[in-house]
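A.B. asks: Would you mind keeping the following structure in view while I ask a few things?
The values are calculated or read from the model by the stated rules, or taken from the named source; none is laboratory data. Just so we're clear, the structure is a prediction, and the values are computed from it rather than from any experiment. Note: ideal-geometry Cβ built from the backbone for every residue, glycine included; neighbour counts use all protein chains shown. Remember, those area values only see protein heavy atoms, side chains included, never the ligands or the DNA or RNA. Shrake-Rupley method; radii C 1.70, N 1.55, O 1.52, S 1.80 Å.
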Amino acid sequence: MQALLLNTFAVPMTLTELPVPQAGPGQVLVRIAASGVNPLDTKIAAGQAPHAQPRLPAILGIDMAGTVAAVGDGVTTFAVGDRVYGMAGGIAGIPGSLAEYGVFETALLAPVPEKLSLREAAALPLVFITAWEGLVDRAQIKAGDSVLVHGGAGGVGHMVVQIAVSMGATVYATGSAASRETIEALGARFIDYRTSTVDDYVAEHTAGAGFDIVYDTVGGSTLDASFKAARIYGGHVVSCLGWGTFALTPLTARAASYSGVFTLLPLLSGKDHARHGAILRQANRLIAAGQLRVRVDPRGFTLETVQQAHAAQADGSARGKLVVTIRE
């Protein structure tokens, strides 16, 4: 099979011929159709993601979708020919999806919904799992909550908005003026972060009380701002980019709480793989109900042009999730 190998950080990956791997117990061999591109993929390739524990040479590609080509011993959840997707490799020495075939743990996978193409499915796993873990598992969202999403048109952000809307929350989302149409189409009320301060939108939308849940998908100073936007007495801030040092005084002064989301943990630790597969089945439920869709950038990339996909991810030109087609 053909696969892209990262042999040296910050150097283009090399298209290489490798043996097709064999599925072991609890695993399936997948004929990979598409590989989703995430900011983390580009950071790993550049040598800027030590928390992902990359081991060279590496096959990158965290998200994948494809068709089961063979099953290992003890596998009963999938059969040859099934369409599957998941966040299943590309870190910590686990081969990822920038290859024609891959072996993946069945617990990490879910069946691809009938409404989705394999290309669309490959765009979904990391962003949906990250959104669900923060909003449902950590913040325990419920109907009637007021939810503020920072970066509502982004990969994780547009998942958070849709999950929150499906749960019966009142949703607000920050973005640039160019993202207003996207955010409003998802069901959120738009806030222009460039023209509104935290005090402005907290006063306008919550009468100064703050939001029940604030989900930060941006990090840095936006997380600091999130602490000031949480509801007094019981507000909850969630961030999937809580790297760095932050002052908790504004959060403490509001008697609010904070949770971090580290979506890579099951892959890094080898524990709780089944949780990821279960969360993707929640995505399937929402897709079947017409409550979830994934934005996919229309540009086409292949194994030969992955560097262009990574460049598009890094320069901010993506309009939706970037996807690499491995085979039609």
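A.B. asks: So for the range 113-121 (the condition being within 30 Å of Pro21 (Cα to Cα), within 16 Å of the chain's Cα centre (by Cα), in a helix (DSSP H, G or I) and not aliphatic (A, V, I, L, M)), does at least one residue qualify?
C.D. replies: yes
A.B. asks: Which of the residues spanning the range 117-142 are closer than 17 Å to Lys321 by Cα and open to solvent by less than 20 Å² (accessible area, probe 1.4 Å)?
C.D. replies: Scanning the range 117-142 gives Ala121, Ala122, Ala123, Leu124, Pro125, Val127, Phe128, Ile129, Thr130, Ala131.
A.B. asks: Determine which single condition Ile279 fails, assuming it passes every other condition in (1) open to solvent by 30 Å² or more (accessible area, probe 1.4 Å); (2) closer than 17 Å to Val136 by Cα.
C.D. replies: Going through the list (1) open to solvent by 30 Å² or more (accessible area, probe 1.4 Å); (2) closer than 17 Å to Val136 by Cα, Ile279 breaks only (1).
A.B. asks: Looking at Leu248, Leu241, Leu265, Leu223 in this structure, which one is open to solvent by less than 40 Å² (accessible area, probe 1.4 Å), of a type outside the set (D, E, K, R) and over 17 Å from Gln140 (Cβ atoms)?
C.D. replies: The match here is Leu223.
A.B. asks: Looking only at the range 112-138, count how many residues are of a type outside the set (Val, Ile, Thr), in contact with a helix residue (DSSP H, G or I) (Cβ under 7 Å, 6 or more places away or on another chain) and closer than 22 Å to Thr77 by Cα.
C.D. replies: Residues meeting the conditions: 6.
A.B. asks: Does Ile62 satisfy the criteria of being among the hydrophobic types (A, V, I, L, M, F, W, C), under 22 Å from Leu322 (Cβ atoms), in contact with a strand residue (DSSP E or B) (Cβ under 8 Å, 6 or more places away or on another chain) and open to solvent by less than 10 Å² (accessible area, probe 1.4 Å)?
C.D. replies: The answer is yes for Ile62.
A.B. asks: Moving on. Checking Val71 against (1) surrounded by 19 or more Cβ atoms within 10 Å (Cβ to Cβ); (2) within 21 Å of Gln2 (Cβ to Cβ), only one condition comes out false. Which one?
C.D. replies: Here Val71 meets the rest and fails (2).
A.B. asks: So for the range 10-19 (the condition being open to solvent by 10 Å² or more (accessible area, probe 1.4 Å), more than 16 Å from Ala107 (Cβ to Cβ), of a type in the set (Ser, Thr, Tyr) and more than 24 Å from the chain's Cα centre (by Cα)), does at least one residue qualify?
C.D. replies: yes
A.B. asks: Name the single residue that is nearest to Val296 (Cα to Cα) among those in the range 318-328 being of a type outside the set (D, E, K, R) and within 18 Å of the chain's Cα centre (by Cα).
C.D. replies: Gly320
A.B. asks: Among the residues of the range 193-206, which ones are exposed (fewer than 14 other Cβ atoms within 10 Å of the Cβ) and either among the polar types (S, T, N, Q) or in contact with a helix residue (DSSP H, G or I) (Cβ under 9 Å, 6 or more places away or on another chain) (or both)?
C.D. replies: Within the range 193-206, Arg194, Thr195, Thr197, Asp199 meet the criteria.
A.B. asks: Does Gly168 qualify as being farther than 15 Å from Val238 by Cα and touching a strand residue (DSSP E or B) at 6+ places or on another chain (Cβ under 7 Å)?
C.D. replies: The answer is no for Gly168.
A.B. asks: Please specify each residue of the range 143-153 satisfying the condition of being open to solvent by less than 10 Å² (accessible area, probe 1.4 Å), in contact with a Gly (Cβ under 6 Å, 6 or more places away or on another chain) and of a type in the set (A, V, I, L, M, F, W, C).
C.D. replies: Val149
A.B. asks: Check off (1) out of contact with any Phe, Trp or Tyr (no Cβ under 8 Å at 6 or more places or on another chain); (2) surrounded by 24 or more Cβ atoms within 10 Å (Cβ to Cβ); (3) in a helix (DSSP H, G or I); (4) aliphatic (A, V, I, L, M) for Ala33 and give me the number that stays unchecked.
C.D. replies: Against the list (1) out of contact with any Phe, Trp or Tyr (no Cβ under 8 Å at 6 or more places or on another chain); (2) surrounded by 24 or more Cβ atoms within 10 Å (Cβ to Cβ); (3) in a helix (DSSP H, G or I); (4) aliphatic (A, V, I, L, M), Ala33 comes up short only on (3).
A.B. asks: Restricting to the range 288-328, give me the number of residues that are part of a strand (DSSP E or B) and either more than 18 Å from Val127 (Cα to Cα) or open to solvent by 80 Å² or more (accessible area, probe 1.4 Å) (or both).
C.D. replies: Within the range 288-328, residues that are part of a strand (DSSP E or B) and either more than 18 Å from Val127 (Cα to Cα) or open to solvent by 80 Å² or more (accessible area, probe 1.4 Å) (or both) number 2.
A.B. asks: For the range 76-86, does any single residue satisfy the condition of being surrounded by 24 or more Cβ atoms within 10 Å (Cβ to Cβ) and closer than 17 Å to Asp41 by Cβ?
C.D. replies: yes
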